[in-house]
Amino acid sequence: MRLQMALCAFAIGTVCLGEVSMMAKAQTRVTSQSFGKMPDGAPVEIYTLSDGSYKARIATYGGVLVSLEIPDRKGQSADVVLGFDDLDGYVKNFNGSSNAYFGALIGRYANRIAHGSFMLDGHKYSVPVNNGENSLHGGPHGFFNVVWKARQIANGVELSYVSKDGEEGYPGTLTAVVRYTLQKNRLKIEYSATTDKDTVVNLTNHAYFNLAGQGDILKHELTLHASRFTPVDGGLIPTGELKPVASTPFDFRKSTAVGARIAADDEQLHRGHGYDHNWVLDSHGGKLAEAADLYDPGSGRVLKVLTDQPGIQFYSGNFLDGSVKGKAGKSYARHAALCLETQHFPDSPNHDNFPSTELKAGERYHTVTIMSFSTR
């Protein structure tokens, strides 16, 4: 199955017909201010999207989702994503050995590419190796580590970045556009891209969620609408198998506490030091469908993830070790949060049986993920 190439509902870098009237109807308050300067002096802005008791803040550096304030069952709001209080925290982390990609946009290729190489149109391409012998999240200077251009749109902000031909080894000049919009209890992320040369692309957001706002996520209850997952080798590269989750610790088809089976004597859990795997969604991608449901019994907060992608990476924060001090100086320990990254499968360019991540010149990549919040 090829990536969705349907025409997106908006034109890159232009104002769509009807956008002016949309702005007039917009209820979300959108403001922007300085978030500081990069080491080279480049200015960085932060946009705040507010709709009632829901608030999201997005920085132009890395397209980072800096904070996301959500009410609990008592109406008390808390920030449910990990990160830093200032730009310096992100710059140091994203360029350090403990990089956890907190809240960032990931590209050109989310997740891993084996041995930092792939074949496309009969040509072998080499991309930076930054995770053992593999390439992870687009390399050390992927989309998380650049300053995006921004403009305010109805209910949110539109970010754009032009990745030049050969950047981080990837072919083609890729123009990427990501829209964050907040309406009531729904944060929508809309990704779009075009290229002037055949390339591969796989974009996602790397937010770390803790619906309690503090502590660990082992009591969070997770549902994944997936009957299969992609097992990995010792380097966390998919073996190519699409394995049924039935009778394994990877079966989240019914709501299950994250910590219920995380310490099971299972080879895949040993390899990931917990959960760090791609689930094959039963919806198969191509249309918007619910992929995950996350519930914190303590606060009552619920996160539903909807996507048109074929996979979702569930990562249980296994490599957080307390060495990173985030917001308000808090140390982020193991399992302090989890990630639910909507995506195409890891290492797809090297697996013919996986959905294709090839984007041809003149075609358009377009995908949508919605994070919907409520309480129980």
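ASP165 satisfies every condition listed in (1) outside any loop (DSSP other than H, G, I, E, B); (2) open to solvent by 20 Å² or more (accessible area, probe 1.4 Å); (3) of a type in the set (Asp, Glu) except (1).
Of all residues in the range 25-43, those that are among the aliphatic types (A, V, I, L, M) have Cβ atoms under 9 Å from Cβ atoms of residues that are assigned to a loop (DSSP other than H, G, I, E, B) and modelled with pLDDT of 95 or more, 6 or more apart or on another chain, in ALA26/ALA154; ALA26/ASN155; VAL30/ALA154; VAL30/ASN155.
Being in a strand (DSSP E or B), aromatic (Phe, Trp, Tyr) and in contact with a Gly (Cβ under 8 Å, 6 or more places away or on another chain) is a property that holds for TYR125. Within the range 101-117, the set of residues being open to solvent by 10 Å² or more (accessible area, probe 1.4 Å) and within 26 Å of LYS37 (Cα to Cα) comprises just one member, TYR101. Only one entry in LYS55, LYS74, LYS164 is basic (Lys, Arg) and either under 30 Å from ASP233 (Cα atoms) or in contact with an Asp or Glu (Cβ under 7 Å, 6 or more places away or on another chain) (or both), namely LYS55.
Screening SER192, SER227 for residues that are surrounded by fewer than 23 Cβ atoms within 10 Å (Cβ to Cβ) and either closer than 30 Å to GLU69 by Cβ or modelled with pLDDT of 95 or more (or both) leaves exactly one candidate, SER227.
Residues checked against (1) farther than 18 Å from PHE354 by Cα; (2) assigned to a loop (DSSP other than H, G, I, E, B):
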residue: ARG261; (1), (2): yes, yes
residue: ARG271; (1), (2): yes, no
residue: ASN278; (1), (2): no, no
residue: GLY286; (1), (2): no, yes
residue: LYS304; (1), (2): yes, no
residue: ILE312; (1), (2): no, no
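For the range 251-279, residues that are open to solvent by 10 Å² or more (accessible area, probe 1.4 Å) and within 16 Å of the chain's Cα centre (by Cα) total 1.
The values are calculated or read from the model by the stated rules, or taken from the named source; none is laboratory data. Here the structure is a predicted model, which means the values were calculated and not measured. No Cβ is skipped: glycine too gets one built from the backbone with ideal geometry, and neighbour counts run over all protein chains shown. Each accessible area value is taken on the protein alone, full model and side chains, heavy atoms only, with ligands, DNA and RNA left out. Shrake-Rupley method; radii C 1.70, N 1.55, O 1.52, S 1.80 Å.
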